[in-house]
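Each remark here refers to the structure printed beneath this line.
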Amino acid sequence: MPLLSRKEVLNLKLSSIPVDKLRELASNLEVDKRDTGADIVKRLLSCPATGKVIDDFMKLKYIKRIETRRSIISDSELKEELGKVKSFSWGVVQGQLDQKIQAEYVRKIVRYEDLLNSVKAKLHDDVTSYVICTWFNHWTTVLIEEHISTHHKVVPTLKNIKGIDIFFDGQPFDLKVTYLPRDYEPRYATESPKDLAIWMYENQGAQRFGADNRLFVVLLDKDNPEKSWELKRNFSLVFEKIDEFFNKEEVSENDEIIFTFGRKTYTAVSKVLIIAR
């Protein structure tokens with residue numbers, strides 16, 4: 001999507017607040033909190049000088065969400081658990097576990113004992129590796145997204161809304177924490193991050209296609225790209241680079257990109273932060 005107006009962004013922010021929290025916000029602003037969430041949003045949009053109040057409300061509720069997570073496991077404990085991962089090998093292509101089970105076990109093996117032996121010999125290890133990699137990616141991303149979402153120039157969403165995780169410098173972004181694509185030239189990526197963004201838009205899976213604004217955080221071990229996963233848990237470095245990026249960056253028309261997908265042309269606003277060592 002192209003750059004949005006202040007009113008359009010405010011509407012998206014309000015739409016990203018759960019109804020119960022929306023009623024609380026309306027009550028704080030002495031706005032009628034009856035009827036549907038859409039009705040409350042309309043009233044809040046017509047309420048003067050609510051922008052900062054809404055931002056502060058969303059930030060406060062997000063911090064409380066983090067505190068809830070920390071009551072289960074603290075940041076330091078979670079980092080310690082993530083540090084226990086010794087290797088990062090999917091074993092199964094991400095998203096294709098059921099397909100592998102069907103093709104290599106269910107539809108191929110005809111004898112029961114052979115099935116059990118095959119599962120013990122190979123599938124158990126593959127599934128274990130897959131789960132560990134998925135778990136590692138999830139919780140490292142949680143910590144990184146929490147850090148980004150509490151930056152003073154960022155407003156986080158409070159519920160899932162397609163294509164929007166945060167608002168940065170007054171614009172909505174889908175936050176993508178990822179690794180440099182395999183076979184993509186590291187030097188070219190660092191020299192031309194906009195081209196990297198276009199490549200990632202144009203090479204996304206059809207089932208998960210989106211032309212929403214995206215802010216890519218790309219992790220790269222330049223000497224050994226296969227070890228980039230270890231960089232993701234180097235939180236002191238990652239957080240330092242994130243803070244440097246958000247402190248200095250702004251969103252402008254220069255961040256608009258044009259890409260092609262399925263014979264159609266799209267416009268999006270994209271920012272790329274490459275964290276390399």
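For the structure I just gave you, tell me whether GLU81 is farther than 16 Å from HIS138 by Cβ and not in a loop (DSSP other than H, G, I, E, B). When the stated conditions are applied, GLU81 does not pass them.
In the stretch 187-210, the residues that are free of Cβ contacts under 8 Å to residues at least 60 places away in the same chain form Cβ pairs under 9 Å with partners that are among the polar types (S, T, N, Q), at six or more places apart or across chains, as follows: MET200/THR178; MET200/SER270; GLU202/THR260; GLY210/GLN204. For the stretch 157-174, the condition of being polar (S, T, N, Q) and without any contact (Cβ under 8 Å) to a residue 60 or more places away in the chain holds for at least one residue.
The number of residues in the stretch 12-31 being assigned to a loop (DSSP other than H, G, I, E, B) and polar (S, T, N, Q) comes to 1.
A single entry from THR140, THR157 fulfils the requirement of being touching an Asp or Glu at 6+ places or on another chain (Cβ under 9 Å), surrounded by 18 or more Cβ atoms within 10 Å (Cβ to Cβ) and at pLDDT 95 or above: THR157. Here LYS100 fulfils each of the conditions (1) basic (Lys, Arg); (2) surrounded by 15 or more Cβ atoms within 10 Å (Cβ to Cβ); (3) within 30 Å of ARG65 (Cα to Cα) apart from (3). Just one residue in the set THR265, THR260, THR178 is on the phi < 0 side of the Ramachandran plot, without any contact (Cβ under 8 Å) to a residue 12 or more places away in the chain and of a type in the set (Val, Ile, Thr); that residue is THR265. Residues in the stretch 32-48 that are over 30 Å from the mean Cα position of the chain (by Cα), under 16 Å from ASN11 (Cα atoms) and assigned to a loop (DSSP other than H, G, I, E, B): 3 in all.
Restricting attention to the stretch 73-92, the residues being surrounded by fewer than 11 Cβ atoms within 10 Å (Cβ to Cβ), among the hydroxyl-bearing types (Ser, Thr, Tyr) and under 14 Å from TRP229 (Cα atoms) number 1. Contact map, the stretch 26-37: residues that are not assigned by TED's automatic domain parsing to the domain that holds LYS13 paired with residues that are exposed (fewer than 12 other Cβ atoms within 10 Å of the Cβ), Cβ distance under 8 Å, separation 6+ or inter-chain. No pairs are found.
Taken over the stretch 13-31, the residue count meeting the criterion of being among the charged types (D, E, K, R) and within 24 Å of the chain's Cα centre (by Cα) is 2. Consider the stretch 219-254 and keep the residues that are in contact (Cβ under 8 Å) with a residue 60 or more places away in the chain and of a type in the set (D, E, K, R). The one that is nearest to ILE198 (Cα to Cα) is GLU253. Can you find a residue that is of a type in the set (Lys, Arg), within 30 Å of LEU123 (Cβ to Cβ), touching a helix residue (DSSP H, G or I) at 6+ places or on another chain (Cβ under 8 Å) and surrounded by 15 or more Cβ atoms within 10 Å (Cβ to Cβ) anywhere in the stretch 55-72? No, the stretch 55-72 contains no residue that is of a type in the set (Lys, Arg), within 30 Å of LEU123 (Cβ to Cβ), touching a helix residue (DSSP H, G or I) at 6+ places or on another chain (Cβ under 8 Å) and surrounded by 15 or more Cβ atoms within 10 Å (Cβ to Cβ).
Answer yes or no as to whether LEU78 is in contact (Cβ under 8 Å) with a residue 60 or more places away in the chain and not basic (Lys, Arg). So LEU78 passes the test.
Table: residues versus (1) touching a residue at least 60 places away in the same chain (Cβ under 8 Å); (2) closer than 30 Å to ILE17 by Cα.
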{"residue": "PRO48", "(1), (2)": "no, yes"}
{"residue": "SER74", "(1), (2)": "no, yes"}
{"residue": "PHE88", "(1), (2)": "yes, no"}
{"residue": "LEU97", "(1), (2)": "no, no"}
{"residue": "GLU104", "(1), (2)": "no, no"}
{"residue": "ILE109", "(1), (2)": "no, no"}
{"residue": "VAL131", "(1), (2)": "no, no"}
{"residue": "TRP135", "(1), (2)": "no, yes"}
{"residue": "TRP139", "(1), (2)": "yes, yes"}
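Selection of strands (runs of 3 or more DSSP E) fully inside the stretch 114-180 by the criterion of at least 1 residues being under 13 Å from LYS232 (Cβ atoms) returns 171-179. Taking the condition among the aliphatic types (A, V, I, L, M) and at pLDDT 95 or above, does ALA197 pass? Criteria met by ALA197.
The values are calculated or read from the model by the stated rules, or taken from the named source; none is laboratory data. Because the structure is predicted, anything quoted here is derived from the model rather than measured. Virtual Cβ from ideal backbone geometry, glycine too; neighbours counted across all protein chains shown.
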